[in-house]
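One structure below.
The values are calculated or read from the model by the stated rules, or taken from the named source; none is laboratory data. Since the structure is predicted, the reported quantities are computational estimates derived from the model, not experimental observations. So basically every Cβ, Gly included, is an ideal-geometry build from the backbone, and we count neighbours across all protein chains shown.
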Amino acid sequence: MNALHEGGPQHAGDVLISLREASVHFGPFAALSACTLNIARGERVALVGANGSGKSTLLRLIHGLLPASGGVRLRPHAAPQAMLFQRPYMLRTSAQNNVALGLWMAGAAWRSARVQALDALAQVGLAALAQQPAKTLSGGQQQRLALARARALQPEVLLLDEPTSSLDPAAKREVETLMAEFAAAGMTLVFSSHNLGQVKRLASRVIYLEQGQILADAPVHDFFNRPLPPAAAQFLKGELG
């Protein structure tokens, strides 16, 4: 493999996520085909590609929400994970309880879970809205609440599926700032995005998918500045105008 498709880090001790020729089929349709990659501790990996290229399917496979219909999905160190969706589901209760419930289900006592939930909300700037019904929050506030809910579980890996695509510019900046803070604290991020400016700001590595296949895998600087395989180069040219 060349430097633009090498499956990521080769140091097994650092690897938190590993796929070997992994595929996902929905009936006869191959949503992912023979995907091989390693993701190491502390990486910030952006998944890019057109709609339907397999980005969301790859995230769900990594998180264990979809089974591999071929190949192998490995978790060498069984790193705890959390996943943030494009439109996170909010329970019909307060922002505090939305966070506390996840902690309670993970084994925390309810009183302790509510205390930890307040701390998590403070970390994303939502402490003042702790008692507000989650469904009445704005889109940006709901996404920050979802980040607090995920972060409270102290995952080593945070998976994010288009986390800012439906947000206004101010809310996007707030979510990006939180993602950068989580990464700075040592969390491994894997996120899909159509926003190449966001990819440049947040990612250390970029994976390009097309029709369920990984066609390029490179450090972020190389992805935007070195020659790419033709399909990836065409995508980049189209996105950047």
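Okay, here's what the table says:
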read-out: Check on residue 118, farther than 15 Å from residue 37 by Cα and among the aliphatic types (A, V, I, L, M); value: yes
read-out: Cross-chain or 6+ apart pairs with Cβ under 8 Å, the range 109-138 first and farther than 10 Å from residue 99 by Cα, then assigned to a helix (DSSP H, G or I) and among the acidic types (Asp, Glu); value: 125/174
read-out: Selected residue [within 30 Å of residue 240 (Cα to Cα), touching a residue at least 60 places away in the same chain (Cβ under 8 Å) and in a helix (DSSP H, G or I)] from 47, 158, 58; value: 58
read-out: Criterion violated by residue 17 - all others in (1) assigned to a strand (DSSP E or B); (2) at pLDDT below 95; (3) aliphatic (A, V, I, L, M); (4) more than 14 Å from the chain's Cα centre (by Cα) satisfied; value: (4)
read-out: Residue within the range 212-223 that is assigned to a helix (DSSP H, G or I), within 13 Å of the chain's Cα centre (by Cα) and buried (at least 22 other Cβ atoms within 10 Å of the Cβ) present; value: no
read-out: Residues within the range 40-60 that are over 12 Å from the mean Cα position of the chain (by Cα) and more than 22 Å from residue 239 (Cα to Cα), tallied; value: 3
read-out: In the range 21-44, residue modelled with the highest pLDDT [restricted to those that are in a loop (DSSP other than H, G, I, E, B) and not small (Gly, Ala, Ser)]; value: 43
read-out: Unmet criterion (only one of (1) within 23 Å of residue 178 (Cβ to Cβ); (2) not in a helix (DSSP H, G or I)) for residue 113; value: (2)
read-out: Hey, residue 154 at positive phi and modelled with pLDDT under 95 or not; value: yes
read-out: Members of the range 13-44 that are at positive phi and without any contact (Cβ under 8 Å) to a residue 24 or more places away in the chain; value: 27
read-out: Filter pass, residue 201 being part of a helix (DSSP H, G or I), of a type in the set (D, E, K, R) and either farther than 24 Å from residue 38 by Cα or touching a Ser or Thr at 6+ places or on another chain (Cβ under 8 Å) (or both); value: no
read-out: Sole exception among (1) within 23 Å of the chain's Cα centre (by Cα); (2) part of a helix (DSSP H, G or I); (3) free of Cβ contacts under 8 Å to residues at least 12 places away in the same chain for residue 104, by number; value: (1)
read-out: From 138, 94, 112, residue being among the hydroxyl-bearing types (Ser, Thr, Tyr) and within 22 Å of residue 173 (Cβ to Cβ); value: 138
read-out: Count of residues meeting criterion [outside any helix (DSSP H, G or I), surrounded by fewer than 20 Cβ atoms within 10 Å (Cβ to Cβ) and at negative phi] in the range 172-192; value: 1
read-out: So residue 207, is it under 15 Å from the mean Cα position of the chain (by Cα) and either buried (at least 17 other Cβ atoms within 10 Å of the Cβ) or aromatic (Phe, Trp, Tyr) (or both); value: yes
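To keep it simple, each residue is scored yes or no on (1) modelled with pLDDT under 95; (2) of a type in the set (A, V, I, L, M).
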| site | (1), (2) |
| --- | --- |
| 178 | yes, yes |
| 201 | no, no |
| 204 | no, no |
| 208 | no, no |
| 217 | no, no |
| 230 | yes, no |
| 234 | yes, no |
